[in-house]
Structures are given as C-alpha cells and as structure tokens.
1. Could you count how many residues in the range 116-147 are touching a residue at least 24 places away in the same chain (Cβ under 8 Å) and part of a loop (DSSP other than H, G, I, E, B)?
2. Confirm whether Lys302 is basic (Lys, Arg), touching a strand residue (DSSP E or B) at 6+ places or on another chain (Cβ under 9 Å) and not assigned by TED's automatic domain parsing to the domain that holds Glu173.
3. Take the residues in the range 162-215 that are small (Gly, Ala, Ser) and at pLDDT below 90, then tell me which one is nearest to Gln141 (Cα to Cα).
4. So which of Glu193, Glu176, Glu214 is surrounded by fewer than 18 Cβ atoms within 10 Å (Cβ to Cβ), touching a strand residue (DSSP E or B) at 6+ places or on another chain (Cβ under 8 Å) and among the acidic types (Asp, Glu)?
5. Would you be able to say whether some residue in the range 217-236 is under 18 Å from Met140 (Cα atoms), at pLDDT 90 or above, loosely packed, with under 15 Cβ neighbours inside 10 Å and out of contact with any helix residue (DSSP H, G or I) (no Cβ under 6 Å at 6 or more places or on another chain)?
6. Scan Arg110, Arg130, Arg119 and give me the residue that is under 28 Å from the mean Cα position of the chain (by Cα), among the basic types (Lys, Arg) and modelled with pLDDT of 85 or more.
7. Mind checking which pairs have a first residue in the range 158-179 that is in the same structural domain as Phe238 (by TED's automatic domain parsing) and a second that is among the basic types (Lys, Arg) and outside any helix (DSSP H, G or I), Cβ under 6 Å, 6 or more apart or different chains?
8. Identify all residues within the range 180-204 that are closer than 20 Å to Lys134 by Cβ, of a type outside the set (A, V, I, L, M, F, W, C) and assigned to a strand (DSSP E or B); write none if there are none.
Amino acid sequence: MYGFKRSGDIPEEFSQVIKRRKKNTSAGEDLHAQEERSLVNVEDAVHTKHQNMMKRNPPMKMETSEISLPSSPEPPRAMEGESMITVDEWNNVEQSIDAAAKALEKEKLRRKVTNEKYRLVDETILPLTRSGSKFISIGMQPFKDYEPVIKMYNPSLTAAAVFNHQEFIEFLEKLEVTEDKIRDIPKDVMLFETRKHDVILKKGMVLQFKSTSEEDVYQSLFLQHATIGTLLALKKYFLGHLRQRAFKQKLLPDYDQFVTNVALHLMEHGNSDSDKGVDKAILTIIQDTYEHDPMLYDMWMKTPYTIKSHIEKKLSHFRST
C-alpha cells in the first residue's frame, strides 16, 4: 500500500501513467479526425469529377414530337399468280372439318355399340385349358331378352363359338357320338354340323368350329382333342348353369320398359342434352324404380353406350309425337 503525505500529493509512478494515457488519447482523437477529413476529401473529389464529365458530355434532350411509334403491320398480300381465300371459302372449310369430326365420333360410337353387342351379363368365366389358351363363359345376352348362352373363346376374343341352351345340348350329343371317331388324319374331314357351325376334324386331332352364320364376327375356334374331353366331362356343370339362367330369365326386369322410364324421367326433369344428366337419370331409375336391381347395374357397367343409344332413340320418338 502507498502512503500519502497530503491529499494533493500523487506518487511519481501514477503521474507517469496518467501522462502516457493522456498522450495516447489525444493521438487517437487526432487519427479519427484525420480519417474523417480523408473521407470528406474523397467525396469532394468524386463530386468534382462528375461535374467535369457532365460539362464535357451534357445529356441529350429529346422532344416528345421526335418519338415515333412503330406502324401496324400491313395485311398479307397475295403473291403474283396466287389468290387469297375468301370468308365464304373459309366458312366452307370449317364446316367440312366439323362434318368430318362428327362423322368420326359417330363411327367411334357405332364400333363401341357393336362391341357391346357380344358382351354377356350375369357371367361366369372358367378356363377350358390349363395353359389359359381357351376359356368358356356362361351368361346372358342383355339385348336378346336375356337369352342364356355359352361361349368358348380365346383370350383375345377374336375366335369364338357361341351356343344357346338348346344348341349346346345338340352339340354335346353329336360330340359324344363322334368322340370315339376322332383320329389323327392326313386331311380335313367334316365331323358334324350344328345350327351355326361346321365342326371339322383337322390333322393333329384338332377340331375347328367354323361359323356358317353371316352375322358372326368371330374367327374359327380350334380345340385340341384333350380339351374336348374336358368339355364332355363338365357338361352337367355347364348345363346346370344354363338351366339356372333360363329360370332367372323369367324374373328379370323388362329392358324396354326400363329405357322408357329413363326417357320419361329426362323429359320431365331435363338434362337430356348432357352425358352426366343421362348417367344420373339412369342410376336414379335403377335405384328408385328397380330397387338397385343387380342385372341392370351389370348391364350399365358393360354396355353403357348401347343403353344410351336406346334412350336417345326413345327421346327422339317422344319429341316427334
């Protein structure tokens, strides 16, 4: 500890420290002032240089009258020897395009309706071969008074043989009689005939079902001899399904009356010009009038374009009377 003689006395060590601090503080203040003066000098120099440049290169003044807007492009002119299309000619082109588009849509609809013609409802599908090369389907034709049929076909549905209940019984009877005669032969032999097919025995013990109906759209179906054996072994099962559907046929709703009910609903509530309106009317009639009949639902899922075309015809009839 330091001792002081008087309150005003300061030790020499402290005096030297205080002097050094004052000297450093004044030196720092001088440096800060110098920096501020340097910045001011730089700003003045930049401002002076800018003024000198403006004097040497003054900005250009542009009068509003000197500004000109680009002119509108001129309409195209026909080259020499060419002629411009007229408004009437263009309208004719548009009408031709519209007519072609409508014809295309009509053709697409016709094809869809044609495809739906051969679809079955209340359908049971089974493989006829282990390889899956042939199938057999038991169902009902919706637009032929729900007639029960059995169809043998290939997976791509390009080749098929279709029989109704009675035709299938006759086919099985003839097949049982001739089944023992099936042999490997060097050339084709007519085995027997049915109402719609010629059954031909071909080389390799293969049976060809060749349609004799002009309305048939399917190609000939070919079955191996082993597949014929499977068909005969399951004949009771297939005939049972056909009888079951023949009984059900009498209990199904009248399709023509269903179409009439939908058309009347559309006449009363409108919306007949939109697909969504027709769809809604069909589902409403199935739910309310036919109590969610499963057969009508099945028909609607598999043959919508045909049903709509029948409803449109019925609407046209109502509007014309």
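The values are calculated or read from the model by the stated rules, or taken from the named source; none is laboratory data. These numbers were taken from a predicted model, which means no experiment stands behind them. With ideal geometry, Cβ positions are generated from the backbone for all residues, glycine too; neighbour counts draw on all protein chains shown.
1. Matching residues across the range 116-147 total 11.
2. Working: basic (Lys, Arg): yes; touching a strand residue (DSSP E or B) at 6+ places or on another chain (Cβ under 9 Å): yes; not assigned by TED's automatic domain parsing to the domain that holds Glu173: yes.
Taking the combined requirement at face value, the residue satisfies it.
3. For the range 162-215, the residue satisfying everything is Ser213.
4. Step by step, each of Glu193, Glu176, Glu214 is checked, and only Glu193 is surrounded by fewer than 18 Cβ atoms within 10 Å (Cβ to Cβ), touching a strand residue (DSSP E or B) at 6+ places or on another chain (Cβ under 8 Å) and among the acidic types (Asp, Glu).
5. Among the residues of the range 217-236, not one is under 18 Å from Met140 (Cα atoms), at pLDDT 90 or above, loosely packed, with under 15 Cβ neighbours inside 10 Å and out of contact with any helix residue (DSSP H, G or I) (no Cβ under 6 Å at 6 or more places or on another chain), which makes the answer no.
6. Within the list Arg110, Arg130, Arg119, the selection yields Arg119.
7. Once the first residue is in the same structural domain as Phe238 (by TED's automatic domain parsing) and sits in the range 158-179, its partners that are among the basic types (Lys, Arg) and outside any helix (DSSP H, G or I) give Ala160/Lys151; Val162/Lys151; Glu167/Arg195.
8. Selection gives His197, Asp198, Lys202.
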